Each structure stands twice: as C-alpha cells, then as structure tokens.
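Please treat every number below as a calculation from the coordinates, not as lab data. Fair warning: this is a prediction, and the values are worked out from it, not measured in the lab. Positions of Cβ are generated from backbone atoms using ideal geometry, with glycine treated the same way; all protein chains shown enter the neighbour counts.
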Amino acid sequence: MKVAKTLILMAYLLMFSYGSFADVVADTRQKAEQGNALAEAQMGAMYQLGRNGVEKDAQLSAEWMLKAAKQGLVEAEVFMAALYDRGLGVKQSVSTATQWYEKAAAQKHGTALAILGRNDVAAGGIAFNYKSMRLRASKQIPVEYSKRFLKQKL
C-alpha cells in the first residue's frame, strides 16, 4: 500500500511539474515572439538543453538564439559563434563564428576577447594555443550560457 501511495504521489507531482513547465514555455515563447531578446535566448537555451519539457533541438535552439544575437544580446552573440564553430544547428563556418566573436568583442565581452587573442594574456606575449581554447570554449559555451540564460528573470 505504501508503494502505491508513493507512485500516485509521484504521478501527481509529475503532472503538476509538467503543467508548470508548459506555463513557463508558453510565457517565454509569447515574450520571445514579441521580440524580447532575453526570452528568445531562453527559448534557444531550452531547446539546447532539452529543459522545461522541451525536447532538445539544435536547429530550433540556433534559430531562437540567432534572433537574440541579432538584437545585440552579447552572450547570444558568443553562443552563436560557438554554434558556428561546431556546426550545431547551423552549417559549420569558422568565418561566421569569428564574425560573431568580433561583434561580442566590440562590446568588450571577455570570453570573445580571449578567444580572439585580444586579452591580457595575448598582450603579454605568453605563448597560448588560442585554437585549442576556442575549440574547448565552443563545446562549453552552449551548455553554460544556456544555464545562465535560464536563471535570468524575464
């Protein structure tokens, strides 16, 4: 009997959480469709991670994030650069990735500056493998930035 009660409680909690996820997604999507850059980035993040009841979809993630990046949301620009570097949801293009990193660097974004070799380490002449760093960053940025976007309040 205890197992049955536990299963019923778990089913109820699952239904409740699914309903709240649906509300979060619907509210975020509505704001994103109205042009809210952070909401667009959050939609991209949900699709990137498969969160809030949304299935992972690299192409939809890239589409939503591109909208936010085109509005000048600097972390979305870096996110798009990483997607282009790896070809996640977009056709791989190092030159397009570099263009997005350049846009973010123009806004003094630290990660973009570092990836482009324009940080203090580069100025100091310390030998550093930027190509290797860029590859590692392009693997980490979509996940880490997605988590950041989803923590922000609309």
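Just rank Lys147, Lys67, Lys2, fewest to most, by other beta-carbon atoms within 10 angstrom. If you can, show how the numbers build up before the last one.
Details: Lys147 13, Lys67 21, Lys2 6.
In order of increasing Cβ crowding within 10 Å: Lys2, Lys147, Lys67.
Where does each of Ser138, Ser132 land when they are ranked from fewest to most other beta-carbon atoms within 10 angstrom? Mind showing how you got there, number by number?
Working: Ser138 21, Ser132 9.
Fewest-to-most ranking of Ser138, Ser132: Ser132, Ser138.
Quick one: of Lys67/Lys91; Lys103/Lys131; Lys31/Lys70; Lys56/Lys108, which pairs are farther than 27 Å apart, Cα to Cα?
Lys56/Lys108
Stretched out fully, how many nm does the piece from Glu33 to Leu154 gain, at 0.36 nm a residue minus the Cα gap?
On the way: separation 121, 0.36 × 121 = 43.56 nm, distance 1.35 nm.
Computed gain between Glu33 and Leu154 is 42.2 nm.
What ranking do Ile141, Ile115 get, fewest neighbouring Cβ atoms within 10 angstrom at the top?
Fewest-to-most ranking of Ile141, Ile115: Ile141, Ile115.
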